[in-house]
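The values are calculated or read from the model by the stated rules, or taken from the named source; none is laboratory data. The structure displayed is predicted, hence computed values, not measured ones. No Cβ is skipped: glycine too gets one built from the backbone with ideal geometry, and neighbour counts run over all protein chains shown. Protein only, heavy atoms only, side chains kept; ligands, DNA and RNA dropped before computing areas. Shrake-Rupley method; radii C 1.70, N 1.55, O 1.52, S 1.80 Å.
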Amino acid sequence: MILLVFVGFLGSGKTTLILDLARQLAADGRRSCIIVNEVGEIGIDQQVLAESGMPVRELVAGCICCQITVDLITTLQEVAAAFAPDIVLVEASGVAAPPAILEALSYYPGERFAAVHTVAVVDPTRFEALHEVLQPLIESQIAAADRIVITKIDEAGVAQVAETERTVRRLNTGAPVDQVSPGHSLELSALLPGAYPKRGR
Amino acid sequence: MDRRPRFADPRRLVADFLEAVARCCDEKGASVIGHLKCYAHLPEGDHFRCSLTSTRAGARCEGAAGRQTHALELDLAVLVYGLTSREVGACVTGVLENLRSREPFDFSLQSPSTSHDHGDDH
């Protein structure tokens, strides 16, 4: 079971990105499911993600990095038993710090994960302002990522995107950086090159 | 004849609602507008969603509901920094009252916001 953990501040575009990837997985017949965590009392993203047709499990009213880590583990056990998925897409809350999530995952008692990839999702239209006022959280999300996806490039100015990419590359020198927009999506083959061959092969 | 109020453009109404709530949060001193988002259910079975991350960019809606309707059920999340749940709730109620002057309707709030002091856990 491969885990793709999506982190990124509130409104950065995690749900939209996951919905797009879920549709790719569904189209390719992959056994997959989604676990979504929201800090609010009422889950909105779960309803959006359910549009993919993929099984969705919702963790609300707390953050999986600190308050409901046990719920994340038990939910992973539950989906593993129910669906035996090849890939689980985990949407962390927008205020989650990735290191704590990754530590929590180390307590998963089931079969060892084939891989755990952390994807940081960044909104260039607000990056500079958010980085200024929420620096520890924003930097923690970027620094822990195996891959960084800059979203909303159709809404941002060219200079905003370029400056965002410069900063995230400085904060995480090892992670590849992608840019996406509604007309330019991210392919799973880019996200999981070893486990997911390019389309058309 | 059906005398229930009609929302001529439910998506526009909800977008205006989110934008007004965000402006209210700004005016009350929210330090960061995190994310305002909602999922709207219509009695006809349609649904759509709207999202806002800044007052400048405004709300974006996707999904069905291009036609008028007589009722809307909204699941709403207002995720902002720097305001109490009471202040956010007051914004939501105040904006609904204001919108009623444009298109008369009744509303009820079923689940008030709650505070979430996530920052204290790190």
Kirkwood hydrodynamic radius of the protein assembly as shown from all distinct Cα pairs, in Å? 20.5 Å
Just the Cα atoms of region A:127-174: what Rg and Dmax do they give in Å? 10.5, 27
For a test of the definition: using alpha carbon positions, the gyration tensor, and the 1.5 limit on a/c, classify region A:90-201 as rounded, prolate or oblate. oblate
Can you work out D for region B:10-115 in µm² s⁻¹ from Stokes-Einstein, where Rh is the Kirkwood radius over C-alpha pairs, the temperature is 37 °C and the viscosity is 0.692 mPa s? 236 µm²/s
May I ask for the equivalent-ellipsoid semi-axes of region A:2-184, computed as the square root of five times each C-alpha gyration tensor eigenvalue and listed largest first in whole Å? 26, 18, 15
So if R0 is 30 Å, what FRET efficiency would B:Ser85 and A:Glu139 give, r being the distance between their Cβ atoms, rounded to the nearest 0.05? 0.60
Can you give the helix-only mean residue ellipticity at 222 nm for chain A, where every DSSP H stretch with n ≥ 4 adds -39500 (n - 2.57) and the sum goes over all residues, rounded to the nearest 500 deg cm²/dmol? -11000 deg cm²/dmol
Cβ-derived FRET efficiency at R0 35 Å, A:Ser185 paired with A:Ser106, nearest 0.05: 0.65
Have a look at B:Ser54, B:Ala64, B:Leu83 and report the one farthest towards the positive end of the charge dipole of region B:10-115, computed about the Cα centre with Cβ charges (Lys/Arg +1, Asp/Glu -1). B:Ser54
Put simply, what bits of region B:88-111 lose 10 Å² or more of accessible area when the other protein chains are there, versus the chain on its own (1.4 Å probe)? B:Ser111
Over the whole of A:9-19, what's the average partner chain Cβ count within 10 Å per residue? Rounded to a whole number, please. 3
Per-residue mean of other chain beta-carbon atoms within 10 angstrom of the beta-carbon, peptide A:93-99? 3
Restricting to DSSP loop positions (anything but H, G, I, E, B) with no more than 16 other Cβ atoms inside 10 Å of their own Cβ, which trypsin sites (Lys or Arg not before Pro) remain in region B:43-99? B:Arg56, B:Arg67
Can you list which of the GluC sites (Glu not before Pro) found in region A:81-125 are DSSP loop residues with at most 15 other C-beta atoms within 10 Å? A:Glu111
Using a 1.4 angstrom probe on the protein heavy atoms only, line up A:Leu171, A:Leu10 by accessible area, largest first. A:Leu171, A:Leu10
